Structures are given as structure tokens and as C-alpha cells.
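The values are calculated or read from the model by the stated rules, or taken from the named source; none is laboratory data. Keep in mind the model is a prediction, meaning the values are calculated, not measured. Neighbour counts are summed over all protein chains in view; Cβ atoms, including those assigned to glycine, are modelled from backbone coordinates with ideal geometry. In case anyone asks, the SASA skips ligands and DNA or RNA and just uses the protein heavy atoms, side chains included. Shrake-Rupley method; radii C 1.70, N 1.55, O 1.52, S 1.80 Å.
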Amino acid sequence: AVKVYLFDTKKVKAWDKTGADFPNRWVSGIEASGQSAKKAWVAFSGYDANSLDTQSGGNGNAGRVFRTSDQGKNWKNVSGNLTIANGLDLPIASLAVDPKKESQIWIGTDFGVYRTGNGGQAWESYRGNMPVVAVMALACNHTTGFLSCATFGRGVWRTPLK
């Protein structure tokens with residue numbers, strides 16, 4: 001089982017929540033809401049194909065991005081079309097949530113940046129002219145109006161927030 005620890009900065013107390021339905025892969029990103037102390041997102045690296053293969057150590061659970069609205073008591077899979085069937089079984093290395101519009105989420109994958117504008121129902125490539133490269137860190141900055149993307153071996157890229 002995967003344990004996710006999130007901190008409520010107002011109470012300076014950790015939530016220790018085990019996600020029974022999480023895939024048994026590494027957590028690659030955690031983002032707490034700036035609008036609600038009860039909301040957070042978590043992303044997982046690796047491949048769903050490995051998690052689904054119980055013969056080789058998988059736990060049978062799939063998913064890339066999950067959201068909680070109740071301090072981790074329940075988690076909803078918001079991976080949308082990031083599935084094997086859609087050819088989007090992508091390892092995630094980073095996660096960013098727009099603090100002003102939390103339905104807009106970006107993930108850094110081994111194949112560039114993907115974005116959802118509807119809370120995870122549908123994801124699309126957001127790399128523009130960025131080469132196909134692993135994106136290791138993301139930062140959303142409304143002051144500058146850019147999403148910054150730190151890549152593996154191709155520098156730092158930035159793209160306008162939409």
C-alpha cells in the first residue's frame with residue numbers, strides 16, 4: 001500500500017492516508033490546494049501496465065493522478081484519458097495545479113507536458129515547440145504568466161498560461 005503524507009499548514013498536522021486504490025508505484029508529485037485545506041492532488045510515476053500485472057508484483061490498480069476533497073479520506077482517479085487503451089501510459093515525473101483555477105492541471109511526463117482544463121476528465125499534450133523530453137519539474141507563476149518546465153537534458157522551458 002502507498003502512504004501519502006500531506007500537511008495542513010493551518011493546523012501544522014500531517015494527514016497520514018493510505019490509498020487502498022492507489023497503484024503501487026512511486027509518488028512523483030503532490031500538490032496541496034491554495035483554496036481549501038481539504039483538497040490535494042497526487043501523481044504517480046511508472047506504468048499502469050506494471051501495476052495491473054499482479055503476476056509480476058502489481059496490485060491491480062491503475063491511475064496516474066488522484067484528487068482528494070476531504071483531507072485524504074477518499075481519493076478520485078482524475079487520470080481521464082491517460083490510459084493504456086489511449087496510448088497514454090506515461091510515467092509522470094512532476095505535477096502542477098493552477099492556484100487560481102484548480103481544474104487546470106499540468107503533468108510533466110517522459111514525453112513532455114500534458115494538461116487538463118477540466119479537472120482531469122481529458123488530458124492533451126501541452127508541449128508546443130518543446131522537444132519530446134522528460135519534464136522533471138513544473139511551476140505555475142501567475143505573476144509572470146508562465147508555466148516553467150525543467151527538463152532532463154534540454155534546459156528550462158516556459159510557456160504562457162492559458
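Laid out as a table, the results:
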read-out: Qualifying residue in the stretch 71-88 (condition: assigned to a loop (DSSP other than H, G, I, E, B), open to solvent by 40 Å² or more (accessible area, probe 1.4 Å) and among the basic types (Lys, Arg)); value: yes
read-out: Residues satisfying the stated conditions in the stretch 112-162, i.e. crowded, with 16+ Cβ neighbours inside 10 Å, in a loop (DSSP other than H, G, I, E, B) and hydrophobic (A, V, I, L, M, F, W, C); value: 123, 130, 133, 134, 161
read-out: Matching residues, the stretch 26-69, being more than 25 Å from residue 102 (Cα to Cα), open to solvent by 30 Å² or more (accessible area, probe 1.4 Å), small (Gly, Ala, Ser) and in a loop (DSSP other than H, G, I, E, B); value: 57, 60
read-out: Residue match in the stretch 152-162 (condition: farther than 17 Å from residue 111 by Cα and within 14 Å of the chain's Cα centre (by Cα)); value: no
read-out: Matching residues, the stretch 102-111, being surrounded by fewer than 19 Cβ atoms within 10 Å (Cβ to Cβ) and in contact (Cβ under 8 Å) with a residue 60 or more places away in the chain; value: 102
read-out: Subset of the stretch 89-101 that is open to solvent by 20 Å² or more (accessible area, probe 1.4 Å), charged (D, E, K, R) and touching a residue at least 40 places away in the same chain (Cβ under 8 Å) - its residue that is nearest to residue 147 (Cα to Cα); value: 100
read-out: Within the stretch 89-111, tally of residues that are part of a loop (DSSP other than H, G, I, E, B) and closer than 21 Å to residue 32 by Cβ; value: 7
read-out: Any hit, the stretch 85-97, residues being touching a helix residue (DSSP H, G or I) at 6+ places or on another chain (Cβ under 7 Å) and of a type in the set (Val, Ile, Thr); value: no
read-out: Answer from 41, 75, 106 - the residue that is out of contact with any Lys or Arg (no Cβ under 6 Å at 6 or more places or on another chain) and either hydroxyl-bearing (Ser, Thr, Tyr) or closer than 15 Å to residue 119 by Cα (or both); value: 75
